[in-house]
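The values are calculated or read from the model by the stated rules, or taken from the named source; none is laboratory data. On a predicted model such as this, the values are computed, not experimentally measured, just so you know. Cβ placement follows ideal geometry from the backbone for every residue including glycine, while neighbour counts extend to all protein chains displayed.
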Amino acid sequence: MLGLIQSFFQQHLQGACGASPHTIRAYRDTLILFLEFLAKRSRKKAEVLELADFTSEQVLEFLEHLEAQRGNKPVTRNCRLAVLRGLARHLLRHDPSHSEQYGRILSIPSKRYQRSPPVYLEPEQFRAVLGEIDPETPLGIRDSALFLFLYNTGARVSEALQTTWADVHMERPAQVRLHGKGNKDRICLLWKQTVNLLRQLRASCKEFTQPRVFLNSHGQPMTRDGVAYLLRRYYRSARRRNSSLPQPRIHPHALRHSCAVALLQAGIELTVIRDYLGHSSVATTGRYLQTNLAMKSDALGRFWKHAGLDPKAPKKWQPSRGLLNFLESL
């Protein structure tokens, strides 16, 4: 089993598919969870597990374990299942003697679920969060630059954290090259305020030799958890000052959603936003159309007017003198 798993990662994912390091890590984490689950259930060491242990029954129990014990959402459950299906297809190609066993794994369906609308901040809400950061301190400069960079570019947090100074061009036209999913690069223009903060950030961390743009206080690349912690902290602080701010489960990806919704509100076409955000399909971008009530109201108003159903302004009603005499007599 070890040899087939090694060939799955090395020959299939890396060699044939050209999977990115993020994809490799995601597949690795799923298989570690699954093998640990199998070892615990079968009371064996993970090193001695056999192909016979990789059954549809075990996979179904593992998926149930993810939701019941680990509290994973259906979307995470489906991602884990996709990894195990990929492994099953690889095993089917190299071990046809167990084709029926692997076929039953491939027939396990993804779980249907209700997709929740994306969490995002309106522009004034984002400004309130940004206003909680002290721009006079080195860490404050970094945090302001990081959050404005995410909002300006709509970058995934992983894309922002792997950005190096070589990717940033701060002369006009200021821009950054983002390395996205599937090893696809895209260019995003930068606002003047974003560039100013990046210049301050570069000047404040000259002593560090790391090529990455966003570093922690020890001069090492920031982590996703670190960015999430900072955003939650500033958001809670902003909400204490302004109780009208909603109580969403805020996370760094919300700034990417906020960028997308702001672009839609500005009247930018979906295809342009798709390319700006690095979506593989315009269908992914289209889900943001469902999130903003103001846009829905405006669209409905324009539709009503275009349909020609809007009646002429009604005449102002004037009570007759007889009616007034009757009312006064009561």
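Of the residues that make up region 61-83, is at least one over 18 Å from residue 33 (Cβ atoms) and touching a helix residue (DSSP H, G or I) at 6+ places or on another chain (Cβ under 7 Å)? No, region 61-83 contains no residue that is over 18 Å from residue 33 (Cβ atoms) and touching a helix residue (DSSP H, G or I) at 6+ places or on another chain (Cβ under 7 Å). Looking only at residues in region 94-118 that are among the aliphatic types (A, V, I, L, M) and surrounded by fewer than 16 Cβ atoms within 10 Å (Cβ to Cβ), which one is nearest to residue 62 (Cα to Cα)? That would be 108. In summary, residue 201 fulfils each of the numbered conditions (1) in a loop (DSSP other than H, G, I, E, B); (2) over 20 Å from the mean Cα position of the chain (by Cα); (3) buried (at least 17 other Cβ atoms within 10 Å of the Cβ) with the single exception of condition (1). Just one of the listed residues (59, 119, 83) is at pLDDT below 90 and not basic (Lys, Arg), and it is 119. The set of residues in region 64-86 being part of a helix (DSSP H, G or I) and under 19 Å from the mean Cα position of the chain (by Cα) consists of 74, 75, 76, 77, 78, 79, 80, 82. Would you be able to say whether some residue in region 206-216 is surrounded by fewer than 17 Cβ atoms within 10 Å (Cβ to Cβ), touching a helix residue (DSSP H, G or I) at 6+ places or on another chain (Cβ under 9 Å), farther than 20 Å from residue 179 by Cβ and in contact (Cβ under 8 Å) with a residue 60 or more places away in the chain? Looking through region 206-216, none of the residues is surrounded by fewer than 17 Cβ atoms within 10 Å (Cβ to Cβ), touching a helix residue (DSSP H, G or I) at 6+ places or on another chain (Cβ under 9 Å), farther than 20 Å from residue 179 by Cβ and in contact (Cβ under 8 Å) with a residue 60 or more places away in the chain.
Scanning region 192-223 for residues that are at pLDDT 95 or above and among the aromatic types (Phe, Trp, Tyr) returns a single hit, 214.
Of all the numbered requirements in (1) surrounded by fewer than 16 Cβ atoms within 10 Å (Cβ to Cβ); (2) within 30 Å of residue 57 (Cα to Cα); (3) touching a residue at least 24 places away in the same chain (Cβ under 8 Å), residue 91 misses one, and that requirement is (1).
Take residue 227 and tell me if it is touching a Leu at 6+ places or on another chain (Cβ under 8 Å), in contact (Cβ under 8 Å) with a residue 40 or more places away in the chain, more than 23 Å from residue 120 (Cα to Cα) and not aromatic (Phe, Trp, Tyr). The answer is no for residue 227.
Filtered by the rule that a residue be within 32 Å of the chain's Cα centre (by Cα), aliphatic (A, V, I, L, M) and either buried (at least 16 other Cβ atoms within 10 Å of the Cβ) or over 20 Å from residue 100 (Cβ atoms) (or both), region 11-61 gives 13, 16, 19, 24, 26, 31, 32, 33, 35, 38, 59.
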